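What follows is one structure encoded as structure tokens, with my remarks underneath.
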Amino acid sequence: MDPASFVAPALNALFGIASLAIVALGLAVVLGLLGVLNLAHGELVMVGAYCAYVAQSQGWPYLAAVPLALALCALLGWSVERWLVRPLYQRPFDTLVLTWGLSLLLRKSAEAIFGLGYKSLTEPIGGTLEVLGTSYPRYRLLLIATAAVVLGALFAWYRRSRTGTRIQAMVGNPDLARALGLPVRRYASATFVAGTCLAGLAGVLIAPLVPVQPFMGLDYILMSFFVLVVGGLGSLAGLSTGSALIGGVNSAVSALSDSTGGYLSVLVIAILFLWLRPRGIHAR
Amino acid sequence: MHRSPNAARRRLVVAAGSAALGAGVWRPAFAQANEFKIGFFIALSGPAALFGPTQRACADLAAERINKAGGILGKPVRLIFADAGGPPAETAKSAVRLMLEDKVDLFIGSHDSATREANIATIKARTPYIYSPVYEGGECSPNVFCLGETPPQQAQPAIEFLAKEKKAKTFHLIGDDYVWPRKVNEQVKKFVAAAGGKVVGEEYVPFGAPNKFEEAVTRIKGARPDAVVATLVGADNVNFNRTFAGFGLDKSIARVSLLLEENTLLGIGAENSGNLYSCMGYFANSPSEGAKAFKAAYLAKYGDKAPQLATIGADCYSALNLAKALFDKAGSADAKKLAAASEGLPFDSASGRVTMHGRQVDKDMYLATCKGTQFEVIETIKGVKSGTACRA
């Protein structure tokens, strides 16, 4: 067989994995480090996507959507953590109900502001690029590269920086960390904000590829959750493994048979992991 | 017709919410005895709720006109809207409530085929039922009247156009995995064979799943068909067409989408709509006098901020006009008399005068090409038969 015929499926798999990882990242940070399953995560991705829509419809350069989404998601994340999530740490079910309510509120707010119609964005970098004998959309290649850079940078920072070490201390034993004089509250708030900002950033990145609409978040929360179930919580290695397995299998089976087969295998994998290895591959 | 993507998961998430909200039926505080009550199913929740405002506005416009003209069977018409945006079983429950509590005289439904099947199984012909949107044809249950475009009306002209004008010989079919796309594609294969073409690929994506289309588009790119026939709905339709053009296939492969209306085209976007066609009985800018008059009346009532006109919505207007013509001709709500009255019955649809035969509608069809985010009708096919003839 022509080696070029493997390039497109490989890039598809890579794109599937990268887009999954970048979307799941924010959820991984909040769930892995704070133990809060943020059901409004998909809606924060949606907020980011609408920021991109606003930026583009105002005629601003596409990159202007990044600070806009970061600012809005930081504000949302900070207020939600400060007034809603903080009293509920260690009460997982209550935070679940809380963030579910938040997701409804965000969806309805988007509906009130923008309506239910699909918004379409122009890809900031359109067209295709020749890669090893096959043409592939440029923007998807850019997304793969961006996801790799963001994940790599975050990984390096978390491993090497002092703050990263302190957050690890907070996650490991909050009481001891507090006793050592670490500002645990502030770290928790900052971690939550980081998670919501990453969700917003993911929204900006994927917005040109999908219909932007109030319900879009539901597409992402479920797949992100599967990634974390499979990969395990609390580490970027878990996130990467989970994305690679879920995204890779989905893409491979979809390419070999069809999308129904791809989605079915994702569900089977997620169920098997919940059943047999609920802490995931990289159990902490 | 349109079935909300992501429905399955949404059901899970929304279940608790809708339980808290209670019945999906809107009931005004005052009910009068001497009214002609119509249980009207439109999408009030879920992603198909995108069509809700247009459906409601078109239905209200028709009801207002009918009431000015003396109502139905001499009684003023009252519309009782109920949600058909959730799972079919939920909608069927609302149908029971509307039958037993509100004692409606008629049901009108503008929703997907799965919900139609659930409703028919629940109503069991006890109340007449008008089903209005584009569908797969062949619905002959008693006391049911269908308005929508069937595959012989929609898919056949589109495929003949692709075969003749675009010289398409090979076709790839892609659709959402539920009753409408599968039944439509059974007929599409016959039309393709009749036009001397060949179906070289057929695939379905899970309905309600977070679908992505990179793999399907890569497969199509490898197979190089001359044309693609899409029976995808809503966000899946938008997603597929955006991915298709993103991979640069729009230049070499023609696409026809069988549920492509104004809202979906806005989502697909101007730079992704090249070489894309739609064949419908109604477009907001259909060239017919009837469509122009309907649009003028709609804009006169609702002004510039009116919800976007599209086939889903306009069908509600047509359905109410059919109701008036049908009941007034039959002179009663008796099923046999209604069925007899329906044969050869002329009435005004949103596109103009049409005729009911075999409890289906023969109509003019419009083949349109996409110019940016607008449809441009390139061919009008007069008086196309539905291909379904139910016994009166």
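The values are calculated or read from the model by the stated rules, or taken from the named source; none is laboratory data. Source: prediction; values computed, not measured. Heads up, the Cβs are rebuilt from the backbone with ideal geometry, glycines too, and the neighbour counts pull from every protein chain shown.
Things worth noting here:
Residues are listed down the side, and each one gets a yes or a no for (1) modelled with pLDDT of 95 or more; (2) part of a helix (DSSP H, G or I); (3) on the phi < 0 side of the Ramachandran plot; (4) hydrophobic (A, V, I, L, M, F, W, C):
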{"position": "B:LEU79", "(1), (2), (3), (4)": "yes, no, yes, yes"}
{"position": "B:GLY85", "(1), (2), (3), (4)": "no, no, yes, no"}
{"position": "B:ALA89", "(1), (2), (3), (4)": "no, yes, yes, yes"}
{"position": "B:LYS103", "(1), (2), (3), (4)": "no, no, no, no"}
{"position": "B:PHE107", "(1), (2), (3), (4)": "yes, no, yes, yes"}
{"position": "B:ALA114", "(1), (2), (3), (4)": "no, yes, yes, yes"}
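- Inside region B:258-276, residues that are away from chain A (no Cβ under 14 Å) and surrounded by fewer than 23 Cβ atoms within 10 Å (Cβ to Cβ) make up a count of 1.
- Filter result (surrounded by fewer than 24 Cβ atoms within 10 Å (Cβ to Cβ), part of a loop (DSSP other than H, G, I, E, B) and either within 12 Å of chain A (Cβ to nearest Cβ) or under 16 Å from the mean Cα position of the chain (by Cα) (or both)) within region B:222-251: B:PHE247, B:GLY248
- Restricting attention to region A:103-122 and to residues that are of a type in the set (A, V, I, L, M, F, W, C) and either in a helix (DSSP H, G or I) or free of Cβ contacts under 8 Å to residues at least 40 places away in the same chain (or both), the residue that is surrounded by the most Cβ atoms within 10 Å (Cβ to Cβ) turns out to be A:ALA110.
- Any hit, region B:298-307, residues being exposed (fewer than 15 other Cβ atoms within 10 Å of the Cβ), assigned by TED's automatic domain parsing to the domain that holds B:ALA43 and touching a Ser or Thr at 6+ places or on another chain (Cβ under 7 Å): no
Let's see how each residue does on (1) touching a helix residue (DSSP H, G or I) at 6+ places or on another chain (Cβ under 6 Å); (2) crowded, with 20+ Cβ neighbours inside 10 Å; (3) touching a residue at least 24 places away in the same chain (Cβ under 8 Å); (4) not hydroxyl-bearing (Ser, Thr, Tyr):
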{"site": "B:LEU309", "(1), (2), (3), (4)": "no, yes, yes, yes"}
{"site": "B:ALA330", "(1), (2), (3), (4)": "yes, yes, no, yes"}
{"site": "B:ASP334", "(1), (2), (3), (4)": "no, no, no, yes"}
{"site": "B:ALA340", "(1), (2), (3), (4)": "no, no, yes, yes"}
{"site": "B:GLU343", "(1), (2), (3), (4)": "no, no, yes, yes"}
{"site": "B:SER349", "(1), (2), (3), (4)": "yes, yes, yes, no"}
{"site": "B:THR355", "(1), (2), (3), (4)": "no, no, no, no"}
{"site": "B:ALA368", "(1), (2), (3), (4)": "no, yes, yes, yes"}
{"site": "B:GLY383", "(1), (2), (3), (4)": "no, no, no, yes"}
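- Check on B:ILE378, without any contact (Cβ under 8 Å) to a residue 12 or more places away in the chain and not aromatic (Phe, Trp, Tyr): yes
- Selection status of A:SER259, farther than 30 Å from A:ASN173 by Cα, surrounded by 23 or more Cβ atoms within 10 Å (Cβ to Cβ) and either touching a Phe, Trp or Tyr at 6+ places or on another chain (Cβ under 9 Å) or not charged (D, E, K, R) (or both): yes
- Counted residues, region A:50-73 - those being surrounded by fewer than 16 Cβ atoms within 10 Å (Cβ to Cβ) and in a helix (DSSP H, G or I): 4
- Scan of region B:175-213 for residues that are of a type in the set (Phe, Trp, Tyr), within 14 Å of chain A (Cβ to nearest Cβ) and under 24 Å from B:GLU136 (Cα atoms), ordered by number: B:TYR178, B:TYR204, B:PHE207
Results for (1) at pLDDT 95 or above; (2) hydroxyl-bearing (Ser, Thr, Tyr); (3) at negative phi, shown as yes or no for each residue.
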position	(1), (2), (3)
A:VAL54	yes, no, yes
A:GLY59	no, no, no
A:ALA71	yes, no, yes
A:LEU75	yes, no, yes
A:SER79	yes, yes, yes
A:TRP83	no, no, yes
A:ASP94	no, no, yes
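- Unique match (being more than 16 Å from the chain's Cα centre (by Cα) and part of a helix (DSSP H, G or I)) among A:ILE221, A:ILE206, A:ILE281, A:ILE271: A:ILE271
- Of all residues in region A:123-136, those being free of Cβ contacts under 8 Å to residues at least 60 places away in the same chain and more than 8 Å from chain B (Cβ to nearest Cβ) number 3.
- Within the option set B:ALA209, B:ALA168, being more than 23 Å from the chain's Cα centre (by Cα) and either buried (at least 24 other Cβ atoms within 10 Å of the Cβ) or in a loop (DSSP other than H, G, I, E, B) (or both) holds for one residue only, B:ALA168.
- Scan region A:11-29 for residues that are within 12 Å of chain B (Cβ to nearest Cβ) and closer than 14 Å to A:LEU233 by Cβ and the total you get is 0.
- Filter result for A:PHE6 (within 14 Å of chain B (Cβ to nearest Cβ) and surrounded by fewer than 16 Cβ atoms within 10 Å (Cβ to Cβ)): yes
- Which numbered condition A:VAL249 misses (of (1) assigned to a helix (DSSP H, G or I); (2) modelled with pLDDT under 95; (3) more than 10 Å from chain B (Cβ to nearest Cβ); (4) surrounded by fewer than 24 Cβ atoms within 10 Å (Cβ to Cβ)): (2)
- When restricted to residues that are surrounded by fewer than 22 Cβ atoms within 10 Å (Cβ to Cβ) and not hydroxyl-bearing (Ser, Thr, Tyr), region A:234-244 contains 3.
- Residue check for A:GLY117: touching a helix residue (DSSP H, G or I) at 6+ places or on another chain (Cβ under 7 Å) and within 14 Å of chain B (Cβ to nearest Cβ): yes
- Residue satisfying all of: in region A:146-193; assigned to a helix (DSSP H, G or I) and exposed (fewer than 11 other Cβ atoms within 10 Å of the Cβ); farthest from the chain's Cα centre (by Cα) among these: A:ALA179
- Test: residue in region B:214-221 that is more than 8 Å from every other protein chain (Cβ to nearest Cβ), within 20 Å of A:ASP219 (Cβ to Cβ) and surrounded by 20 or more Cβ atoms within 10 Å (Cβ to Cβ): yes
- Taken together, the criteria exclude B:ALA333 from residues that are farther than 21 Å from B:ILE80 by Cβ, among the small types (Gly, Ala, Ser) and in a loop (DSSP other than H, G, I, E, B).
- Checklist (1) away from chain B (no Cβ under 12 Å); (2) buried (at least 24 other Cβ atoms within 10 Å of the Cβ); (3) small (Gly, Ala, Ser) applied to A:ALA40, failing item: (1)
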